[in-house]
1. Quick one: angle between helix 64-89 and the longest Cα principal axis of the chain, in degrees between 0 and 90, rounded to 10, please.
2. So what are the radius of gyration and Dmax for the Cα set of the chain, in Å?
3. Quote the charge dipole size of the chain about the Cα centre in Debye, to the nearest 20; the model charges only the Cβ of Lys and Arg (+1) and of Asp and Glu (-1).
4. Over what distance in Å are the Cα centres of region 68-125 and region 1-59 separated?
5. Determine the sum of side-chain charges near Phe98: Lys and Arg each +1, Asp and Glu each -1, restricted to other residues whose C-beta is under 11 angstrom from that of Phe98.
Amino acid sequence: MLHLHILSWILAIILFFAAYQNFSDRQGPSQYFKPLHMVLRVFLLLTLISGGVVFFQTMGGGMAAQYGIKFLLGLVTIGLMEMTLAKKKKKKPSRTFFYLVVLFAILTIGMGIWLPMGPITAMFN
């Protein structure tokens, strides 16, 4: 399940950047914006479900609080992604939300790498 989770958030981040770039402030959305946004939502849902499964698998361990914090950071990241694209669609300033998405994505990914099920920690055990 962990591999599905990693694949889904990588694809979600790529799709978010693609959807964000396919909406021009002057000309509006390109023809690819809506399909990209819909596929992004599918991968965000897949990320939520697989992340929830990973979270509940690790609840028995001693690092449950850290996984809870990572889960909350992931929820905030996903919410900010949706809010950024919604502001972009309404032609409101969205640059601040874009930077917040980048910041929270880096925090979430960094915490995921640091936790015991993360790739770097697992490599050195």
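All of the numbers you see were taken from the coordinates with simple rules; none came from a lab. Not measured: the values here are computed from a predicted model. Counting neighbours? That spans all protein chains shown, and the Cβs are built from the backbone with ideal geometry, glycine included.
1. 10
2. 15.7, 52
3. Values: 11 positive and 2 negative charges, 140 e Å.
It comes to approximately 680 debye.
4. Comparing the Cα centres of region 68-125 and region 1-59, I get a distance of 11 Å.
5. Values: positive: Lys87, Lys88, Arg95; negative: none.
That sum, taken over residues with Cβ under 11 Å, equals +3.
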